[in-house]
Amino acid sequence: MNKYLVTGGAGFIGSSLCKELLKQGKQVVVIDNFCDFYVPRIKENNIKEFEGNPNFKIYKKDIRDRKSIRQVFEKNDIEIVIHLAAMAGVRPSIENPILYQEVNCIGTQNILEEMKEQGIKNLVLASSSSVYGNCKQTPFKEDMNVDFAISPYAATKKANEVMAHVYHKLYGMNVMVLRFFTVYGPKQRPDLAINKFTRLMLENKEIPMYGDGSTARDYTYIDDIVDGIIKSCEYIQKNDNVYEIINLGNSRPIPLKQMINTIENALGVYAKIKQLPMQPGDVNITYADISKAKELIGYEPKTPFEEGIKKFVNWYKKY
């Protein structure tokens, strides 16, 4: 049976992916260090429903610790690695760039080295729309020059794409690099805008709006992202000598003001807005060209933003 290793598998995207893989009858091994970037209890709750499932194993390990990572690889007959574990977030990376370099770059290379040692050929690697920086041309296409990162987080993600290409060339690994565009939905991290704004609006508190509200993000619903990850796994298991970078987005940028209005409508409350200056490292727009993902893996996002926000709000009120 196919055994999947999911790093960062207790997080927002990781646990949503694990749920779908287990539903499909796959064996899933998770590495997660339950770090305190946000309350670790949230991650514990994310994976509670999998406890007792014979197809699920969880290892509390840090990807910077090569020795303990090796033990996971040696104990499990892994066929495919889905590497999601990383320090996330643009703004925190500016405050602590060394930590981001250690976790995202050294941690990723530890995973690549163990794959090489164990002869594991298939890797799906999480990257980010942040690698595009403030590219002038939209929508963002995978063949654009992304050498001009504007945050340490974005730089580490670009570095991982390049290092994965080295292992593809030297050791014949099949690699699918997925550039995620602002993922949202149930279980979303509490530090991200949609979750944070929902909480503050329900508490009748001010929400911070950086800039004039015209900055736009290509919000992508979690189910569409999970579908894209699974289709990428299927693609590299069927094909050989693969190194591809694809955008997983919704291809519909939503301005910040519209995002706030959509949450207001779903909650039935008005937002108290505190306008603040733009933050360093923030980009003006993210906008995915998803034609390559459609052609290569049959990726087809199905959840419109308004519907996704309703689903998120229903989940938030329940939990």
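The values are calculated or read from the model by the stated rules, or taken from the named source; none is laboratory data. Because the structure is a prediction, the values reported are computed rather than measured. Glycine also receives a Cβ, built like all others from the backbone with ideal geometry; neighbour counts cover every protein chain displayed.
A few points about this structure:
- Checklist (1) assigned to a loop (DSSP other than H, G, I, E, B); (2) in contact with a strand residue (DSSP E or B) (Cβ under 7 Å, 6 or more places away or on another chain) applied to Ile150, failing item: (2)
- Scan of the stretch 284-302 for residues that are in a loop (DSSP other than H, G, I, E, B), in contact with a helix residue (DSSP H, G or I) (Cβ under 7 Å, 6 or more places away or on another chain) and crowded, with 19+ Cβ neighbours inside 10 Å, ordered by number: Thr286, Tyr299, Pro301
- Residue pairs whose Cβ atoms lie under 6 Å apart, sitting 6 or more positions apart in sequence or on different chains, and linking a residue in the stretch 208-235 that is of a type in the set (A, V, I, L, M) to a partner that is assigned to a helix (DSSP H, G or I), are Ile222/Ser16; Val226/Ser16; Val226/Leu17; Val226/Glu20; Ile229/Leu17.
- Identity of the residue in the stretch 264-319, within 19 Å of the chain's Cα centre (by Cα) and aliphatic (A, V, I, L, M), that ends up nearest to Arg91 (Cα to Cα): Val283
- Glu102 among the charged types (D, E, K, R), over 17 Å from Val177 (Cα atoms) and in contact with a Phe, Trp or Tyr (Cβ under 9 Å, 6 or more places away or on another chain): no
- Within the stretch 74-97, the set of residues being under 18 Å from Asn55 (Cβ atoms) and crowded, with 19+ Cβ neighbours inside 10 Å comprises Ile78, Ile80, Val81, Ile82.
- Of residues in the stretch 174-207 being outside any helix (DSSP H, G or I) and without any contact (Cβ under 8 Å) to a residue 60 or more places away in the chain, the one nearest to the chain's Cα centre (by Cα): Leu192
- Hits in the stretch 306-319 (condition: surrounded by 21 or more Cβ atoms within 10 Å (Cβ to Cβ) and either aromatic (Phe, Trp, Tyr) or at pLDDT below 95 (or both)): Phe312
- Residues of the stretch 264-283 classified as under 19 Å from Tyr221 (Cβ atoms) and either among the aliphatic types (A, V, I, L, M) or part of a strand (DSSP E or B) (or both), total: 2
- Here is the figure for the stretch 1-18: residues that are farther than 21 Å from Pro92 by Cβ and β-branched (Val, Ile, Thr) total 1.
- If you filter the stretch 208-259 down to residues that are among the basic types (Lys, Arg) and not in a strand (DSSP E or B), you find that the one that is surrounded by the fewest Cβ atoms within 10 Å (Cβ to Cβ) is Lys238.
- Number of residues in the stretch 19-43 that are under 27 Å from Pro92 (Cα atoms) and either of a type in the set (Ser, Thr, Tyr) or assigned to a helix (DSSP H, G or I) (or both) equals 5.
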